[in-house]
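Report on the structure given below.
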Amino acid sequence: MITRIKKKLRDSSSSRSSCSTDTTTAAGTCIASKTGDSRKNFPPAENVHVEQEDPLSHPPAVPPTNLRESLFSHVAHDLQLTGEELFQLRRIRATVDAAFDPMFTIDSTGRIVMANDAATAQFGYTYDEFIGSNISIICGGGHRDRHDEYMQRYLKTGVAHIIGKVREVPARRKDGTEFPVSLGVSEMKMQEGEDGESSVTQERYFCAYVRDLTEQKRQEKEILNSKALLQALIDSSFDPMFAINEHSIITVVNQAAVSLFGWTKEEFLGNDISMICGGGHSRRHAGYIQRYLETGQARMIGRRRQVPARRKDGSEFEIDLGIKEVTVGGKKIFTAFARDLTKHLQDQQTMLNQEHFLQDAFFCASKKKELIDDKSDGLLPGEVTPPLTPPPTPLSTGKTFARPSSPLSPPRPMRSPRQRSVSLGKHLVSPNMEDLSI
């Protein structure tokens, strides 16, 4: 069906002599005159035999309501299309108009020969305003005045800067507002000949496919703002934070990690987390992750442990490491929270040293006081204090009683240094008179 229409177009173009109306000329469609004579040369009406033909193959008696219907009517009449052929042509046109994105067809001079309904809705021009106008009316960002130059340069050199590609460019509406669009342009060559005949290029047309990027840009901006806010929250943490994927590759890092470990964010991102592992764990870290993914047995996930870490300069230090697992888009992500324990361990050691010092000082002071108290009693350390029993008093007969030969009384219980000092003071201050008489 389409081949037949193209053949009729080729046959019609060979007999093309004039354009029927200015409207069809602006649309890039030159309608050939079939008769070549004026209406006064027609034979009398009574001698003309009128055959019944498909009404769709003739222009309607009532003028069309818009330029598009006018073009369809003239094309159908000029090419003598049957009802089925015209139906196929209208179906193609309806398919183009059903597209959600604007579509244009322009000729080699840059004139618009086709625009769909999405184009009129997006740019604010009517179909009649589009047809025959230069495509530069929708160009924005300073390209409006240079578009014809772009077109002529391509036709002369064949060097394509946008033909056959998709690029983001600014577009301009009828009201003068500009917005970003994704523009794809392809060249369409109308080739004639079929059934083994050689193909000859008649005309060069260009199809432009436009997609409004306003909503996409708004969403991208929101995503960027959300990412910036999230990164700001992460960077506001005083402790280093990391996010790694299932392959141990760092995907997120905060400023505290940069300050603590010495690497830049660019050096962190995309590298293995083992770069900060110390104490021999660097070589075995990949195995830890793989074992967890295969067995599900967590030894570090969901816990906090003290582990050695390594800085960029190679120095190692202790950190408190906590790891959590999250799932995003069906993929596992591990978030690590590290806290430098250097100051904490130093403070802990200082407190321990002070505690030992105080214990030693107290022990030495106690020993020294006991030694002083024992010396004040006239005893050596560990010596038992003898009983203060006065010797026997001689009788008037002059006989002297000897000290009983019974064993000494058991030693008194140990007294505190203070008790011994008080007892000694009493003996010195209040001596027994009988002792003095002896």
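For ILE273, indicate whether it is within 18 Å of GLU316 (Cβ to Cβ) and either open to solvent by less than 40 Å² (accessible area, probe 1.4 Å) or not hydrophobic (A, V, I, L, M, F, W, C) (or both).
yes
Residue-wise test of (1) touching a strand residue (DSSP E or B) at 6+ places or on another chain (Cβ under 9 Å); (2) within 14 Å of THR335 (Cα to Cα); (3) part of a strand (DSSP E or B); (4) not aromatic (Phe, Trp, Tyr).
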{"residue": "ALA243", "(1), (2), (3), (4)": "yes, yes, yes, yes"}
{"residue": "THR251", "(1), (2), (3), (4)": "yes, yes, yes, yes"}
{"residue": "LEU260", "(1), (2), (3), (4)": "yes, no, no, yes"}
{"residue": "TRP263", "(1), (2), (3), (4)": "yes, no, no, no"}
{"residue": "GLU267", "(1), (2), (3), (4)": "no, no, no, yes"}
{"residue": "GLY270", "(1), (2), (3), (4)": "yes, no, no, yes"}
{"residue": "MET275", "(1), (2), (3), (4)": "yes, no, no, yes"}
{"residue": "ALA286", "(1), (2), (3), (4)": "yes, no, no, yes"}
{"residue": "ALA309", "(1), (2), (3), (4)": "yes, no, yes, yes"}
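Taking the conditions exactly as written (surrounded by fewer than 10 Cβ atoms within 10 Å (Cβ to Cβ) and part of a helix (DSSP H, G or I)), does GLU294 satisfy them or not?
Answer is yes for this residue.
Within region 323-343, is even one residue of a type in the set (S, T, N, Q) and either under 18 Å from the mean Cα position of the chain (by Cα) or surrounded by 15 or more Cβ atoms within 10 Å (Cβ to Cβ) (or both)? Walk me through how you get there before you give the answer.
At the first step, the residues of region 323-343 found to be of a type in the set (S, T, N, Q) are 327, 335, 342.
Those left that are additionally either under 18 Å from the mean Cα position of the chain (by Cα) or surrounded by 15 or more Cβ atoms within 10 Å (Cβ to Cβ) (or both): 327, 335.
Taking every residue of region 323-343 in turn, at least one turns out to be of a type in the set (S, T, N, Q) and either under 18 Å from the mean Cα position of the chain (by Cα) or surrounded by 15 or more Cβ atoms within 10 Å (Cβ to Cβ) (or both).
Please enumerate the residues belonging to region 270-288 that are among the aliphatic types (A, V, I, L, M) and closer than 17 Å to ALA338 by Cβ. Step through it out loud before you land on a result.
Residues of region 270-288 among the aliphatic types (A, V, I, L, M): 273, 275-276, 286.
Listed by number, the residues that qualify are ILE273, MET275, ILE276.
Residue by residue, here is whether (1) in contact with a helix residue (DSSP H, G or I) (Cβ under 8 Å, 6 or more places away or on another chain); (2) buried (at least 16 other Cβ atoms within 10 Å of the Cβ); (3) in a helix (DSSP H, G or I); (4) modelled with pLDDT of 95 or more holds:
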site	(1), (2), (3), (4)
ARG91	no, no, yes, no
ALA94	no, no, yes, no
MET114	yes, yes, no, no
GLN152	no, no, yes, no
HIS161	yes, no, no, no
GLY176	no, no, no, no
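The values are calculated or read from the model by the stated rules, or taken from the named source; none is laboratory data. None of the values given here were measured: they were computed from a predicted structure. Backbone-built Cβ (ideal geometry, glycine too); neighbour counts: all protein chains shown. We work out accessible area using only protein heavy atoms, side chains counted, and drop any ligands, DNA or RNA first. Shrake-Rupley method; radii C 1.70, N 1.55, O 1.52, S 1.80 Å.
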